[in-house]
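Trainee: Have a look at the structure that comes next, please.
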Amino acid sequence: MNKTILHLDLDTFYVSVERLIQPALKHRPLLVGGTSDRGVVAACSYETRGFGVHSGMPMRMAKQLCPEAVVIRGNAGTYSKHSDLVTEIIKEQVPVFEKSSIDEFYADLTGMDRFFGSYKYATELRKKIIKETGLPISFGLSVNKVVSKVATNEAKPNNQIKIDFGYEKPFLAPLSIKKIPMVGDKTYQTLRNLGIRQVKTVQEMPKDVIHQVLGANGVLIWKRAQGIDNTPVVPFNERKSISTERTFDKDTIDVVKLKGILTAMTENLAYQLRRGEKLTACITVKIRYSDFNTYSKQKRIAYTSADHILIPKVMELFQSLYNKRMLVRLVGVRFSHLVSGNYQINLFEDTEETLNLYQAMDKVRQRFGDRAVLRASAMGAKTIGRMQNPFNGQPPVVLAHRKQ
């Protein structure tokens, strides 16, 4: 039996949510992302794209290209709520689905043609999402994830496409090679230097030739250009790490500020570990200086999720990395080597008072938010916090870098 894979993508999701909240923004050029000079465009409306604006570019450049655009910082919590509405609809209607990002979904509809018709079913699902959420959504339907994703991008805005079995190569052939997933700017430039513009050219190339140019990635690109992809729909991926980082609005050498932010990061990540019943055995601290040189250092520790153990370790790594003569642009903390489990009591150091304190603080945070209780030294950190449990199987919300 041939597979039937559906790819759903919410069109310009952040922009669509903002317009749903503020109808006056409809048909106006709109930019969502960081509002400072170092901000990045997280999403842009179709009206701005004619000016050369695209997601991922510096906000300052986007505003120069399209001065008429309305700029909105965006709210991760709001986007998560609207994404959850769509997720619940899909969960009710589809037996096996994968949420690959906050606005993208894959569903395995294999065998549906026997009973109802995959395309008809996908069409009714799309109509239901639009009706119940008010958000525009497009889909592509084919035999695998890669072709379906490309088809969705061709269907946009707010439309749908089905690629029948056996027509994968003819569908892909006239498209730009950049539309194949995994072909980024550097790979695209390499292929352009070889005179390759369309997918058709790659389809006609021997596999060995592209392997010599791009290595193993070249073979994967060649297969995708042929419409070959055996990647399964994965319902859930266990997280192996959790991290957070902040880019400063202005480079700084304020050690008190740096330590306060690192403390807030560690405290928040430790709470996320306890909430998800996880323990970490490896800490990584990252620093990026004003010259964009980035350094990181990690340390293995005994499995834990306790603030009073993790914070001193983070500070120790920071001290060994920090160069007092350089301005700091970014700092970050990462916990990895995660396993399931609850904090183990240290018989020689922990007291009943300490354990009760953690339980009380976590209860307050669960009820009133991540920043309801925090150390005094961490109060200067403005935007350290999460809107959802990072271990609930949902992908993270990706917005432009937050500033401090």
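The values are calculated or read from the model by the stated rules, or taken from the named source; none is laboratory data. Please read all numbers here as calculations on a predicted model, not as lab measurements. We place every Cβ from the backbone using ideal geometry, glycine too, and count neighbours over all the protein chains shown. Note: accessible area is taken over every heavy atom of the protein model, side chains too, but ligands, DNA and RNA are not part of it. Shrake-Rupley method; radii C 1.70, N 1.55, O 1.52, S 1.80 Å.
Trainee: Quick check: is even one residue across segment 131-138 touching a strand residue (DSSP E or B) at 6+ places or on another chain (Cβ under 6 Å), open to solvent by less than 20 Å² (accessible area, probe 1.4 Å) and not hydroxyl-bearing (Ser, Thr, Tyr)?
Mentor: yes
Trainee: Right, here's the next one. Search segment 20-53 for residues being in a helix (DSSP H, G or I) and touching a residue at least 12 places away in the same chain (Cβ under 8 Å), and hand back the single one that is farthest from Pro157 (Cα to Cα).
Mentor: Ile21
Trainee: Checking Pro67 against (1) at pLDDT 90 or above; (2) open to solvent by 30 Å² or more (accessible area, probe 1.4 Å); (3) under 21 Å from Thr4 (Cβ atoms); (4) over 24 Å from the mean Cα position of the chain (by Cα), which single condition isn't satisfied?
Mentor: Just one mismatch for Pro67, condition (3).
Trainee: Any chance segment 235-243 includes a residue that's touching a residue at least 24 places away in the same chain (Cβ under 8 Å), open to solvent by 10 Å² or more (accessible area, probe 1.4 Å) and of a type in the set (Ser, Thr, Tyr)?
Mentor: yes
Conditions (1) in a strand (DSSP E or B); (2) within 18 Å of Arg239 (Cβ to Cβ); (3) hydrophobic (A, V, I, L, M, F, W, C); (4) modelled with pLDDT under 90, marked per residue:
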{"position": "Thr263", "(1), (2), (3), (4)": "no, no, no, no"}
{"position": "Thr280", "(1), (2), (3), (4)": "yes, yes, no, yes"}
{"position": "Lys313", "(1), (2), (3), (4)": "no, no, no, no"}
{"position": "Glu316", "(1), (2), (3), (4)": "no, no, no, no"}
{"position": "Met326", "(1), (2), (3), (4)": "no, no, yes, yes"}
{"position": "Gly332", "(1), (2), (3), (4)": "yes, yes, no, no"}
{"position": "Leu357", "(1), (2), (3), (4)": "no, no, yes, yes"}
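Trainee: Identify, from the list Ser100, Ser83, the residue that is surrounded by 20 or more Cβ atoms within 10 Å (Cβ to Cβ), touching a residue at least 12 places away in the same chain (Cβ under 8 Å) and out of contact with any Gly (no Cβ under 8 Å at 6 or more places or on another chain).
Mentor: That would be Ser83, the only listed residue that is surrounded by 20 or more Cβ atoms within 10 Å (Cβ to Cβ), touching a residue at least 12 places away in the same chain (Cβ under 8 Å) and out of contact with any Gly (no Cβ under 8 Å at 6 or more places or on another chain).
Trainee: While we're looking at this one, here's another question. Residue check: is Val202 surrounded by 15 or more Cβ atoms within 10 Å (Cβ to Cβ), at pLDDT 90 or above and hydrophobic (A, V, I, L, M, F, W, C)?
Mentor: Here the answer is yes, as Val202 does meet what is asked.
Trainee: Counting just the residues of segment 156-183 that are part of a helix (DSSP H, G or I) and out of contact with any Phe, Trp or Tyr (no Cβ under 7 Å at 6 or more places or on another chain), which one comes out surrounded by the fewest Cβ atoms within 10 Å (Cβ to Cβ)?
Mentor: Pro170
Trainee: Sticking with this structure for a sec: What number of residues within segment 13-53 are over 18 Å from His82 (Cα atoms), open to solvent by 20 Å² or more (accessible area, probe 1.4 Å) and small (Gly, Ala, Ser)?
Mentor: 3
Trainee: On to the next question. Between Lys207, Lys149, Lys178, which is at pLDDT 95 or above and not β-branched (Val, Ile, Thr)?
Mentor: Checking each option against the conditions leaves just Lys149.
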